[in-house]
Amino acid sequence: MADALDRDHEAMPASTQTFIETLISRMTLREKIGQLNQINASEPDAATLYADEVRCGGITAIINQVDRTVIDALQKVAVEESRLGIPLLVGRDVIHGFETIAPLPIGQASSWNPDLVEACAERAALDAGRSGVNWTFAPMVDICRDPRWGRVAECLGEDPYLAGQLGAAMVRGFQGQDVSDPGRIAACAKHFVGYGASEGGRDYNTTNIPENELRNIFLPPFKACLDAGVASIMTSFGDFDGVPATGNEYLLDQILRQEWGFDGVVVSDWDAIHQLCVHGITETDCDAAEMSARAGVDVDMVSRSYSDHLETLIESGKVSLEQVDGMVARILGLKVALGLFNDPYRRVGEETTSSRNRGLDLVKQAAIESVVLLKNDERQLPLTTSKLNSLAVIGPMADAPMDQLGTWVFDADVSRSITPLRALRDRAGDNVKIRHVEALDTTRSRDTRAFGDAVAAAAASDAVLLFLGEEAILSGEAHCRADISLPGAQEDLVRAVRAAGKPLIGIIMAGRPLTLEPVLDDLDAVLYAWHPGSMAGPALADLIFGDAVPSAKLPVTFPKMVGQIPIYYNQKNTGRPATDESVCLIDDIAVGAEQTSFGMTAFHLDAGHKPLFPFGFGLSYTNFEYSDLNLSRDVIGRQDCLDISVSLTNSGQVDATEIVQLYIRDRVGSVTRPVRELKKFTRIKIAAGQSRTVKFQLTENDLAFTRRDRSFGAEPGRFDLWVGGDSASGLEAQFALREDVTT
Ligand code: GLC
């Protein structure tokens with residue numbers, strides 16, 4: 001049977017459709033409503049608690065149960081004891097791993113490696129499937145421009161194209177070619193839509209997103225996931241321009257169903273249907289159920305609003321039976337696609353030692369490719385063991401096996417974590433003396449009493465590795481920060497250890513960009529590791545000692561200070577764009593300066609107009625030099641393909657990988673256009689001293705956007721184009737798209 005999720009090529013196969021229509025025709029109204037009801041079954045005795053409700057067909061899905069015996073017991077009731085034997089969906093947030101943890105999604109996004117991201121999702125699906133899970137609530141493809149928001153940790157960055165490419169890769173990894181494979185699980189793109197624009201970086205907060213931003217920034221990653229065949233989409237908690245997404249017909253029906261033709265399952269976020277009353281868009285829970293059902297939410301995640309009120313709503317005609325049948329059909333379609341009617345228990349073989357080690361090797365590679373080298377003065381890195389007799393390993397994140405995993409790791413096996421301290425000790429052996437001082441017992445601690453020991457360890461050692469950042473709990477859902485500097489007394493720790501005068505390398509583990517400017521000058525080198533997962537230690541040891549070379553690039557902009565937020569690379573030019581020349585910093589203003597409004601441009605007196613580190617930035621242990629940017633034409637028609645090539649030389653001493661990025665700027669549009677837009681990227685490994693030619697192609701579709709009249713397409717005119725290693729540099733060229741040019 002063709003994959004029922006394969007929407008690009010055909011509607012659901014007739015045999016499946018017939019099966020579903022026949023089944024629906026046999027269902028009572030209560031059984032139909034039961035197919036819309038997902039419950040939290042996290043209790044150890046869930047098999048007892050919910051058996052009766054499952055038996056009478058009142059539950060379609062459970063969430064947060066990963067005990068295989070409990071899951072199988074409830075599935076057995078559903079399949080063998082309920083009247084129609086409809087199996088259960090088993091949901092779990094498998095965000096970046098199950099027992100074995102890969103880097104945070106924002107860390108994986110730093111790899112700009114869709115194949116790697118896909119492999120990590122595939123591994124997570126296998127491990128989760130072994131526990132009986134068949135539905136995950138990932139990828140999260142919310143575009144985020146505000147690192148105060150705790151969930152920036154689980155996003156795929158600030159750029160729609162990068163997030164779309166990587167989100168689609170996760171969908172492929174979770175679902176594979178046939179999601180009925182027991183080693184695969186159904187994916188869920190979330191949170192539709194605009195959750196990342198929560199005002200003030202405060203979780204669950206209001207979002208006000210104008211149509212132009214909605215269409216050109218926030219929707220594209222979801223469309224990429226839909227085009228990749230994502231099985232389900234989750235609604236956002238957020239108030240979307242006054243109508244919360246979970247009851248927003250424009251989003252869930254007009255865009256998702258009418259425009260995009262999505263025929264998968266729409267699931268609410270946790271209790272989000274009931275929360276429509278809290279938002280104040282509905283008076284009663286019954287009204288909330290009506291609003292969500294009419295908008296297009298198929299599955300009610302744990303609020304029970306559907307099971308409580310839909311029967312009344314249908315009997316009163318406020319919600320049509322036809323609408324409900326459509327909701328039920330989509331859910332049954334997902335269960336058919338998962339193969340649950342034929343194989344409800346979906347057995348995956350036990351994890352073997354070799355399988356487990358393959359998983360650990362994979363997440364180690366993912367960690368290596370996720371760590372961004374932000375600074376490396378005088379090439380302090382990599383360290384060479386031959387020149388080292390001793391190493392000071394200092395800080396609260398050096399030996400934090402749970403915190404290095406990051407947020408959303410409910411099922412992590414922390415015994416699999418190898419911390420930096422352990423990995424460095426393993427590597428140093430008897431050759432290099434390791435002096436370890438935690439200095440602060442948590443990243444939030446302000447107790448500086450151990451600083452003396454830290455300074456002494458640094459003074460007595462040849463170099464210092466300072467492991468700082470955020471504990472895992474300081475990011476993630478509902479864990480937002482108004483001040484995103486290093487928490488606690490960590491900045492003081494940097495300054496204290498700096499005084500020892502030894503080479504000082506900062507390794508930062510955090511779930512968000514941090515405002516590092518206060519300590520950046522005191523650090524000779526900085527590796528930004530996000531939360532790297534189970535194999536943080538071995539990955540960082542390889543990078544620190546040069547067995548691996550950093551290749552990662554930032555998927556988000558790093559602000560100098562929190563007051564710059566929102567600051568992102570694909571901003572609009574404005575009528576008064578800031579330039580290096582136009583910026584006037586607070587210290588440059590003469591006392592008694594005359595007031596004027598002439599020549600003023602868009603910047604902050606105390607921060608200027610540039611971020612600390614731009615989107616796409618990341619250093620290497622080598623130098624990459626770009627030259628000979630060449631375009632096949634300087635004018636193209638709508639049917640033409642523009643061939644772009646550039647020469648890239650690794651002029652350093654080590655083989656290394658560069659992530660080559662191609663940006664455009666549409667100079668004039670029917671709506672204002674970003675000063676840069678990422679359109680292509682590729683990873684290329686080049687041997688030391690070698691050069692390679694890197695090629696890209698652009699077509700009209702790459703230049704397309706949602707225009708002022710809401711149509712989608714490219715507009716004739718002039719374009720700038722850059723190819724380089726980040727969003728603030730690169731070789732530049734120009735071309736034009738013209739209507740009157742035909743190939
Ligand atoms: C949470 C999150 C959502 C998650 C769901 C189930 O509140 O917003 O991303 O999938 O509930 O845990």
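The values are calculated or read from the model by the stated rules, or taken from the named source; none is laboratory data. Note that the structure is a prediction, hence the values are computed from the model and not measured. Cβ coordinates were reconstructed from backbone atoms using ideal geometry, including for glycine residues, and neighbour counts include every protein chain displayed. Calculation scope for accessible area: heavy atoms of the full protein, side chains included, ligands and nucleic acids excluded. Shrake-Rupley method; radii C 1.70, N 1.55, O 1.52, S 1.80 Å.
Just a few scattered comments:
- Computed over every Cα-Cα pair of region 477-596 and binned at 5 Å starting from 0, the pair-distance distribution P(r) comes out as 2, 8, 14, 17, 17, 15, 12, 7, 5, 2, 1, 0 percent.
- One equal scatterer on each Cα of region 667-743, no solvent, Debye formula: the resulting log10 I(q)/I(0) at q = 0.11, 0.15, 0.25 Å⁻¹ is -0.38, -0.65, -1.39.
- Ranking by accessible area, most exposed first, for Arg710, Arg738 with a 1.4 Å probe: Arg710, Arg738
- Debye intensity ratio I(q)/I(0), log10, region 380-544, q values 0.09, 0.16, 0.17 Å⁻¹ (C-alpha model): -0.26, -0.85, -0.97
- Peptides 405-412, 391-398 ordered by packing proxy, namely the average of other Cβ atoms within 10 Å per residue, highest first: 391-398, 405-412.
- Dipole of region 380-544 computed with +1 at Lys/Arg Cβ and -1 at Asp/Glu Cβ about the Cα centre; of Gly469, Thr419, Pro513, farthest Cα towards the positive end is Thr419.
- Prolate/oblate/rounded call for region 355-415, Cα gyration tensor, a/c under 1.5 rounded: prolate
- Note that region 646-710 carries a Kirkwood radius of 14.0 Å, evaluated over its alpha carbons pair by pair.
- Compared with the direct C-alpha span, the chain from Arg347 to Glu283 gains 18.5 nm at full extension, assuming 0.36 nm per residue.
- Computed per residue of the chain from DSSP H runs no shorter than four, each worth -39500 (n - 2.57), the mean residue ellipticity at 222 nm is -7000 deg cm²/dmol.
- Distance from the alpha carbon centroid of region 332-348 to that of region 175-193 works out to 13 angstrom.
- Taking 0.36 nm per residue of sequence separation and removing the Cα-Cα distance, the Gln639/Ser582 pair yields an extension gain of 16.4 nm.
- Inter-site label distance for Glu211 and Ser485 at 7 Å from Cα along Cβ, in nm: 4.4
- Between region 571-635 and region 273-309, the alpha-carbon centres lie 47 Å apart.
- Accessible surface ranking that places the most exposed of Cys56, Cys155 first, with a 1.4 angstrom probe: Cys56, Cys155
- Ranked by how many other beta carbons lie within 10 Å on average, peptides 698-705, 712-719 from highest: 698-705, 712-719
- Once both labels are positioned 7 Å from their Cα atoms along Cα-to-Cβ, the gap between Arg718 and Ala460 label points is 6.6 nm.
- Trp260, Trp112, ranked by accessible area, largest first (probe 1.4 Å): Trp260, Trp112
- Surface composition of the chain: carbon plus sulfur atoms hold 48% of the accessible area, using a 1.4 angstrom probe and ignoring ligands, DNA and RNA.
- Under 15 Å from Lys553, Cα to Cα: aspartates and glutamates that are on another chain or at least 8 residues apart: Glu158, Asp159, Glu369, Glu658, Asp726
- Taking all protein chains into account, the per residue accessible area for region 523-589 stands at 33 Å² (1.4 Å probe).
- Sequence-distant lysines (8 or more away, or on other chains) whose Cα lies within less than 19 Å of Lys387: Lys433, Lys502
- Volume per residue of the C-alpha convex hull in region 236-344, rounded to whole Å³: 103
- Label-zone membership for region 395-432, site Arg356, 7 angstrom Cα→C-beta point, backbone N under 15 Å: 412-418
- Pairwise Lys count, region 570-713 - Cα closer than 19 Å, eight or more residues apart or different chains: 5
- Ranked packing of 465-472, 729-736, 609-616, most packed first, by mean Cβ within 10 Å: 465-472, 609-616, 729-736
- Region 149-235 gives an Rg/Rh value of 1.01, both radii derived from C-alpha positions and Rh following Kirkwood.
- For region 130-188, the Cα-based Rg and Dmax, in that order, read 13.1, 39 Å.
- Normalising the Debye intensity of region 1-136 to I(0), with uniform scatterers on Cα atoms only, and taking log10 at q = 0.11, 0.13, 0.19 Å⁻¹ returns -0.52, -0.70, -1.10.
- Stokes-Einstein D in µm²/s, Kirkwood radius over Cα pairs - the chain at 37 °C with 0.692 mPa s viscosity: 121
- Based on every Cα atom in region 4-337, Rg and the maximum pairwise Cα distance Dmax equal 18.6, 53 Å.
- A 1.4 Å probe run over region 4-337, with the rest of the protein chains in place, finds 30 Å² accessible per residue.
- Across region 165-321, Cα-Cα pairs farther apart than 24 Å form 34% of the total.
- Using a probe of 1.4 Å on the protein chains alone, the accessible area found for Ile281 is around 60 Å².
- Residue-normalised accessible area of region 624-737, expressed per residue, 1.4 Å probe, Å²: 44
- Estimated inter-spin distance, Asp453 and Thr18, nm [label 7 Å along Cα→Cβ]: 7.5
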